[in-house]
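I have a structure I would like to understand better, so I am pasting it below and will then ask my questions one at a time.
The values are calculated or read from the model by the stated rules, or taken from the named source; none is laboratory data. All values reported here derive from a predicted model rather than from experimental measurement. Every residue, glycine among them, receives a Cβ derived from its backbone with ideal geometry; neighbour counts consider all protein chains shown.
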Amino acid sequence: MLHEPTLDVLSRNASVINADSEPEPEGLAPPPRRIRTFSGPRSPPRSPASVAARPHPAHLSRELGYEEPPASPSLLNASSRPSGKPSLRDFQFGKTLGEGAYSTVKLATSRADGKQYAVKIMFKVHLTRAGKLKTVGAELKALRRLNGHPGIVAFYHAFQDDSSFYLVIELAAKGEMQSVISRLGSLSTRCTQYYAAQIADALEYMHSKEVIHRDLKPENLLLDDDFRIKIADFGTGKVLENGDQRATTFVGTAQYQAPELLELNETTKSSDYWAFGCIVYQMISGRFAFSSLSDYLTWQKVKKVEYEFPSGFDEQAKGLVQNLLVHDALKRLGAGPPGTPNDPNALKSHAFFAPIVWTSLWTDPAPPLEAGLVKKEHPDPERVWDDIGAAWDELVGSDDDSDEIEWAADAKDHERLNGSFDIGPRDGMKDGPSSPSPHISMLQHSMERFDFRSSR
């Protein structure tokens, strides 16, 4: 007996770009929709062939380097792209490096020269449902403006097809700082000085380019092959323009959000320095400066600047943190205008950074990773620490309405503390909100025009 196709089957069939096209590279198709568990009005089923794929708007094609939408909706139709612009066929995709509510990051190897990259894949259907399309343009603009600093992930290409946007960025092969802290328990004073100095230097450059990150935390601090810092994930970043000094969107992670966001619903360059203070505290102590049983209770502590130092906390580091975790955003160390007592140069001159040679910060070898105030013992040295990201999510609490990326790490090499932390596979995507959102054409008035040809 033949059964009529169900609604979810028709929906999945409708998302097939072209039945005659080549198979999609493994792991790049949007995840299947969740099965409905409720009854709803029924309508006559439509043939899969009658459901046409929605083309992306012309302005978006121009922004990503296409003169006009492709004539064929084929996912891998190389003839629909300009000469020299990358497409999916130019890469061999590997394991999943990280994933978020609306995107996933895959390891990709160039078929042309064998170089490895991280490719951030943002599914249009999820972005559209959640009303997050404008974040694509914001992230791209921030990445292009910040290209050239060794402490920020480099941006190479952007392209799109009918289902997704793709960002080709620098691969930071040693994983995320959060995984290192979780594995060791804390960082030594020497390690903290080195990594805090690199963060401070990258922040100064970022702010000089009028970009604020707004979600600075150890998860978004990656390590390259030489164990140097790479600030990543500008999905919540903001480019300040037309003299603006603040942003008014509520974004970030509770443990690192500044008081002005909670009280005035605004973030500034100074808000990044508040998060920096939280990170320095966490590196040394192995725990959050502000944390409670819920985000609400955590926010109450943040607004009161209510935290304490554990016994043995380095005194110079304590002074640095106290000058960063200041309720008045104008008085935070590093956030002042040039020439003031709390400008970025004053931050670099703090006693905690006395051993740092700033002129060779990015060429000096990184110190061996070693634990400090808190040391963790691992009873099973053969254990693969691929659950660190999950444990972190459970501790912090996940928010499916954020566009942040969980940068995962396998940390398979346990024989040396400064060994290779391979970025681990995390297959599957979280489903975005199921409520309907405006059509992708809403992006016309919310994104600016870019030239997304190769920047390197």
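Return a yes/no flag: does region 288-296 have any residue that is in a helix (DSSP H, G or I), surrounded by fewer than 20 Cβ atoms within 10 Å (Cβ to Cβ) and hydroxyl-bearing (Ser, Thr, Tyr).
yes
Further question: So, in region 194-209, how many residues would count as being surrounded by fewer than 20 Cβ atoms within 10 Å (Cβ to Cβ), in contact (Cβ under 8 Å) with a residue 60 or more places away in the chain and in contact with a strand residue (DSSP E or B) (Cβ under 9 Å, 6 or more places away or on another chain)?
Of the residues in region 194-209, 1 are surrounded by fewer than 20 Cβ atoms within 10 Å (Cβ to Cβ), in contact (Cβ under 8 Å) with a residue 60 or more places away in the chain and in contact with a strand residue (DSSP E or B) (Cβ under 9 Å, 6 or more places away or on another chain).
Provide a single number: the residues in region 310-353 that are more than 29 Å from the chain's Cα centre (by Cα) and closer than 25 Å to LYS375 by Cβ.
8
Which ranges mark the helices (runs of 4 or more DSSP H) fully within region 92-193 that have 2 or more residues being among the β-branched types (Val, Ile, Thr) and closer than 30 Å to LEU373 by Cα?
Where helices (runs of 4 or more DSSP H) fall fully within region 92-193 and carry at least 2 residues being among the β-branched types (Val, Ile, Thr) and closer than 30 Å to LEU373 by Cα, they are 177-184.
Considering only region 151-169, I want to know if a residue exists there that is acidic (Asp, Glu), under 16 Å from ALA232 (Cβ atoms), crowded, with 21+ Cβ neighbours inside 10 Å and at pLDDT below 95. Steps first, answer last, please.
Filtering region 151-169 for residues acidic (Asp, Glu) gives 161-162.
Subsequent filtering for residues that are under 16 Å from ALA232 (Cβ atoms) retains none.
No, there is no match, as no residue in region 151-169 is acidic (Asp, Glu), under 16 Å from ALA232 (Cβ atoms), crowded, with 21+ Cβ neighbours inside 10 Å and at pLDDT below 95.
Also: Looking only at region 228-268, which residues are of a type outside the set (S, T, N, Q), touching a residue at least 40 places away in the same chain (Cβ under 8 Å) and surrounded by 22 or more Cβ atoms within 10 Å (Cβ to Cβ)?
Matches in region 228-268: ILE229, LYS230, ILE231, ALA232, ASP233, PHE234, GLY235, GLY237, LYS238, TYR256, ALA258.
When the residues of region 231-264 are narrowed to those that are of a type in the set (A, V, I, L, M) and touching a strand residue (DSSP E or B) at 6+ places or on another chain (Cβ under 9 Å), which ends up nearest to ALA200 (Cα to Cα)?
Selected residue: ILE231.
Same structure again: If you check PHE234, PHE250, which single one turns out to be touching an Asp or Glu at 6+ places or on another chain (Cβ under 9 Å) and aromatic (Phe, Trp, Tyr)? It would help to see each step written out before you state the result.
Details: PHE250 fails: touching an Asp or Glu at 6+ places or on another chain (Cβ under 9 Å).
None of the other options fit; the residue is PHE234.
Quick grid of which residues meet (1) small (Gly, Ala, Ser); (2) surrounded by fewer than 16 Cβ atoms within 10 Å (Cβ to Cβ); (3) touching a residue at least 40 places away in the same chain (Cβ under 8 Å):
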| site | (1), (2), (3) |
| --- | --- |
| ASP314 | no, no, yes |
| LEU320 | no, no, yes |
| PHE352 | no, no, yes |
| GLY372 | yes, no, yes |
| LYS375 | no, yes, yes |
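Checking LEU216 against (1) surrounded by 21 or more Cβ atoms within 10 Å (Cβ to Cβ); (2) under 17 Å from the mean Cα position of the chain (by Cα); (3) over 14 Å from GLN282 (Cα atoms); (4) modelled with pLDDT of 95 or more, which single condition isn't satisfied?
The number of the failed condition is (3).
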